[in-house]
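Below is one structure, written out as structure tokens; the observations come after it.
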Amino acid sequence: MFYLGLISFAASMLVMLIALILTIFQLIKRQTILTKLSITLASVSFGLHTLSILTLMAMQVLQDYSISYVVSVVNSVMPTILKMTAVWGGQAGSLFFWGWTLNLVLFISLHVRRQIQDGWSFLFTALNLLFFGVLSLFAENPFSRVWLTEAGNILEGVFSPAAGATVYGGLSGFGLNPLLRHWGMVIHPPILYLGFALFLVPFSVAISYLIRGETEEGLLGETRLWLLSAWILLTAGIVLGSWWSYDVLGWGGYWAWDPVETASLIPWFTSTGLLHSLLLQKQRKIFQRFNFVLILLTYILIIFSILITRAGLLNSVHAFGESNISLPLTLLTLTLVGVSVALLAWRWRRLYSGWELTSLVTRDAAFLYTNVILISLTIVCFYGLAYPLVTGVLTGTQIGLDRTFFDQAATPLFILLAALMAVCPLSAWSVNAIRQLGKSAVIPLILSIFLTAVSYFLLTKSWLALLVLFVVGFGLLLMLALTLRDFRSPHEAGKRWWGQRARYGAWFVHTGVLLIALGIVGMEALSGSIQGTMIPGDKMPLRSYEVEFVQLTTEYENPEYLTIEAELVLWKDGKAVAKLYPGQHLYENRGQYVSIPDKQSTLRGDFYTLLLDYNSMMGYVTIQASDNPLVNFMWIGALLMVLGAALAASMPWKSLQPGYIDEQEQELPR
């Protein structure tokens, strides 16, 4: 199987190279239409690449320990699904999978009903694919074998590293990092990778437009669905990572501003700004320069994110450690920046689109404010990542910025963003429409003030938390009021809703943002925690709850690790409401343990428990219990964001005519 996997992978890259060379010859002849032969070759390349990755999966399931990568990520006691998905559990395999994801995206773009690839866009897409394919083939080859030399040394290499060396399969598999042995591992990386990869197509198409000197809005219609699909998957991937951190990793947090987490968030900011400004270009014929900049910048930041993850430049629990691919990735990032800047400078005058800000409260002004905030967040996060790199180069010692910097710099911007999400339904393209809409805000404003006052007496005295609660309450009540107003005629409600699904999809997204803000307030301002050492029968109070420790059990549920579990009874107002079983998995051979939290989840929030320490001989445990109000609104909000974006994507671009929204505004009651 080794030869099948390696040869099919190498053949895939060779066929793609031939398609690239043919395309270059066509472009030299000034023929930009992609030939059927190039499309066929690219399809063959994808098929060979797929065969190669399936071969690697099969070798992992069959535990072929003559392959070095299989030894590093698989062992005999892992479930079959984790053996398969361990493809993206290590450096070499995940880089290989990333290259396949790019090939998948290219294949889709060549075979959708409306093909958007021309010669120039194919050139840049294929170059990106070949870059990562060559890296995987020559620098981090997942098919590298284990060799036993005549001297008894064990070496690694695709081919024999010494005379007389033989392939050796007698090693025992090490297995995945215990933190990755969860169903989140099965879905989180592929969703995130696909979200990243889908941005390559708009990037390549934008490059093609700049080279050909085309600046009309055809770019918007061609790339909108790609951008929305990429944004949906990137959003889902980031949120899944946050949920995994909170629900599985055993530290009770949802976001730590880890370098890899932060690097994945930066392209989300720019792509979110892009989706807003694309609508402005459609409706107002403005922001064309800004949109080209954001399309190019988003993919460049994705490559930067990959650089941070794979090169080991910064300390991160998510990074793969130091690697010999850091220099090539750095060169790729700089090359993409150079090409993008050069093309933008070349076509800058042609991209001009005039704009006059007629009012500070219209919809185009609100979109402008949103993009300013999103770009500011991008700058803050990029600065936080670049600062230790720069200090490392200048002083020889990296000086990192901790969570305090990010919290202090980003929190005000996030609050402003939430405020804009709240008032966005009041914005319109004209001041007259805003005056009409403003009447619908009176009752939501009064109710949100009342709810904020109640929160002051019952929940928190923090002015920052109260401000966010007011913003969230006003935004949710306002969207509810406007929706009820739109549906005041029940027999037309369904038709109206479907006809304006792009707008309601946007409201879903904004509602999701507000619910996430509500969940963050619950975690940061309203949560409570207690920690204590207990023996059987002890109870530990926390607010209206009590945690009773019943017993400690230890057993080998899996031959690889010892399971230690504390049985707890959760009492509320004197009644037993749940049994909880926080524990640890102790990997004795690795000298490592993984905390397994347990919680009671309701719409109100989570009661979250952790087993911090134990002594099975003495029979005591140290338990940490946390009351996390409103936390589940973060996950509900994220789901609404994904559903809302999908709803908006279902509206054809041609249906969003420049006068469409203005016509809807004229229907407002006076």
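The values are calculated or read from the model by the stated rules, or taken from the named source; none is laboratory data. Being a predicted model, the structure only gives us computed values, none of them experimental. Every residue, glycine as well, gets a Cβ built from its backbone with ideal geometry; the counts of neighbours run over all protein chains shown. Ligands, DNA and RNA are stripped out before the accessible areas are found, and what is left, the full protein with its side chains, is counted by its heavy atoms. Shrake-Rupley method; radii C 1.70, N 1.55, O 1.52, S 1.80 Å.
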In a solvent-free Debye calculation with one equal scatterer on each Cα, what is log10 I(q)/I(0) for the range 1-181 at q = 0.08, 0.19 Å⁻¹, listed in the order of the q values? -0.30, -1.13
Binning every alpha carbon pair distance of the chain at 20 Å from zero, what are the percents per bin? 16, 45, 32, 6, 0
Within-9-Å neighbourhood charge of residue 629 [Cβ basis; K, R +1; D, E -1]: -1
Amide H within-cut-off set for residue 174, under 5 Å, with H built and near neighbours excluded: 72, 73, 74
I'm checking a number: the convex hull volume of the Cα atoms of the range 528-629, normalised per residue, in Å³. What is it? 99 Å³
Below 8 Å between Cα atoms, with a sequence gap of 6+, how large is the relative contact order for the range 528-629 in percent? 27 percent
Hand me the GluC sites (Glu not before Pro) from the range 164-258 located in a DSSP loop with no more than 13 other Cβ atoms within 10 Å, in residue order please. 214, 216
How many angstrom separate the Cα center of the range 278-298 from the Cα center of the range 133-164? 48 Å
Residue 257 neighbourhood, Cβ < 13 Å, K/R = +1, D/E = -1, net charge -3
In vacuo Debye scattering of the range 72-143, one point per C-alpha: log10 I(q)/I(0) at q = 0.11, 0.14, 0.26 Å⁻¹? -0.37, -0.55, -1.08
Around residue 242, with a cut-off of 15 angstrom between Cβ atoms, what is the net charge of the other residues, counting Lys and Arg +1 and Asp and Glu -1? -4
Enumerate the lysines that residue 572 could reach by cross-link, defined here as Cα to Cα under 20 Å, with residues fewer than 8 away along the same chain left out. 539, 599
Counting only heavy atoms of protein chains, what accessible area per residue, in Å², does the range 528-629 have with a probe of 1.4 Å? 50 Å²
